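Presented below is the structure to which this report refers.
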Amino acid sequence: MSEILNIALITACFAVALAFILGLMLGFFKDFFAVPQDSLTVKILEALPGANCGACGYAGCENYAKAIAKGEAGINECTPGGESLPDKLSEITGFKVEAVENVVAVLACQGTYLHAREKGIYNGIETCRGAKLSAGSTKLCSYGCLSFGDCVKACKFSAITLNKAKGLPVIDRQKCTGCKMCIKECPQMLFKAVNTKLKGAIVLCSNLSSNRQSVIKTCKIACIKCSACVRVCPKNCIVMENNLPVVDYSICDACGTCIEKCPTKSLAKLNFFT
């Protein structure tokens, strides 16, 4: 029995000693092989929010900071940093601040379970991309939201939640930073980055089909391509492109006539988030 205890004690001591030696070696090699960062990169990195969301187009804040320091990236690419960040980076780098467009994400789909029926029971991978690849769509409307919430997982700012009762994501525009990660993640391309200063109407539908009867059957609140909005617009600022209304906001005066006359209410007030 004592011999077993001795062996156990020796083994434990050996393990502790080995862990201590490995710790010292890791600390040494970390410093030895560390890539030195220039002081400018460090200052830029300290000013960035540290979200590592990728909205700037770089893999994390550190890579974006390095790109700025090298003059390879602008100082207004970090939307999560807020309106004051470009000014801070300008002071650090001496680079000129360019005009920044404040945007929020808008979901161009209103097809709840009540309005857009499901094709059947889906038994595949419960992600939007999985459903898109395996079934094309979970709803009769092949352009509609797939309702699994890939956008919720992609948002690093908790600005999107999934309303499971309706089957649609909900955007908290107070939290949305305009990072566009939901736009990149959605396989149905249902999210749009909208300038917060624009006013007028926006179509909350992404159904590009020209078959009106098919659209009417698959979603009760979709754009039915009737062109009523085009005809009633007093400013003639709406045209149909790819079977959806497109508004020229340089002309639109936000009178709301098109919204009022839309038979399916697929048009909404653009400044609803201001």
ask   = Looking at segment 129-149, which of its residues are part of a loop (DSSP other than H, G, I, E, B) and either of a type in the set (Phe, Trp, Tyr) or more than 22 Å from ALA222 (Cα to Cα) (or both)?
value = TYR143, PHE148
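Condition (residue is part of a loop (DSSP other than H, G, I, E, B), modelled with pLDDT under 95 and closer than 22 Å to ILE221 by Cα) applied to segment 120-128: is it met by at least one residue?
Of segment 120-128, the ones part of a loop (DSSP other than H, G, I, E, B) are 120-127.
Retained after the next criterion (residues that are modelled with pLDDT under 95): 120-126.
Pick out the ones that are also closer than 22 Å to ILE221 by Cα and you get 120.
Within segment 120-128 (the criterion being part of a loop (DSSP other than H, G, I, E, B), modelled with pLDDT under 95 and closer than 22 Å to ILE221 by Cα), the answer is yes, since at least one residue qualifies.
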inquiry  = What are the pairs with Cβ atoms under 6 angstrom where one residue, in segment 120-140, is β-branched (Val, Ile, Thr) and the other, located anywhere, is not in a loop (DSSP other than H, G, I, E, B)? Sequence gap at least six, or different chains.
reply    = THR127/ASP150; THR138/GLU118; THR138/ALA131
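Go through segment 171-181 and count every residue that is touching a residue at least 60 places away in the same chain (Cβ under 8 Å) and under 23 Å from LEU114 (Cβ atoms).
So the first thing to find is which residues in segment 171-181 are touching a residue at least 60 places away in the same chain (Cβ under 8 Å), and the list is 171, 173, 176-181.
Retained after the next criterion (residues that are under 23 Å from LEU114 (Cβ atoms)): 171.
Count: 1.
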task = Sort through VAL170, VAL152, VAL194 and tell me the only one that's surrounded by 15 or more Cβ atoms within 10 Å (Cβ to Cβ) and assigned to a strand (DSSP E or B).
result = VAL194
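Restricting segment 216-227 to residues that are among the hydrophobic types (A, V, I, L, M, F, W, C) and without any contact (Cβ under 8 Å) to a residue 40 or more places away in the chain, which is farthest from TYR143 (Cα to Cα)?
Start the filter on segment 216-227 by keeping residues that are among the hydrophobic types (A, V, I, L, M, F, W, C), which leaves 216, 219, 221-224, 226.
Retained after the next criterion (residues that are without any contact (Cβ under 8 Å) to a residue 40 or more places away in the chain): 216, 226.
Values: ILE216: 13, CYS226: 18 Å.
Checking each candidate, the answer is CYS226.
Picking from LYS192, LYS197, LYS156, which residue would you name as being over 12 Å from the mean Cα position of the chain (by Cα) and in contact (Cβ under 8 Å) with a residue 12 or more places away in the chain? Break it down stepwise before answering.
Details: LYS192 fails: over 12 Å from the mean Cα position of the chain (by Cα); LYS156 fails: over 12 Å from the mean Cα position of the chain (by Cα).
Of the residues listed, the single one that is over 12 Å from the mean Cα position of the chain (by Cα) and in contact (Cβ under 8 Å) with a residue 12 or more places away in the chain is LYS197.
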remark   = Considering residues that are at pLDDT below 95 and more than 28 Å from GLU101 (Cβ to Cβ), the number found within segment 148-164 is 1
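The values are calculated or read from the model by the stated rules, or taken from the named source; none is laboratory data. Because the structure is a prediction, the values reported are computed rather than measured. Every residue, glycine among them, receives a Cβ derived from its backbone with ideal geometry; neighbour counts consider all protein chains shown.
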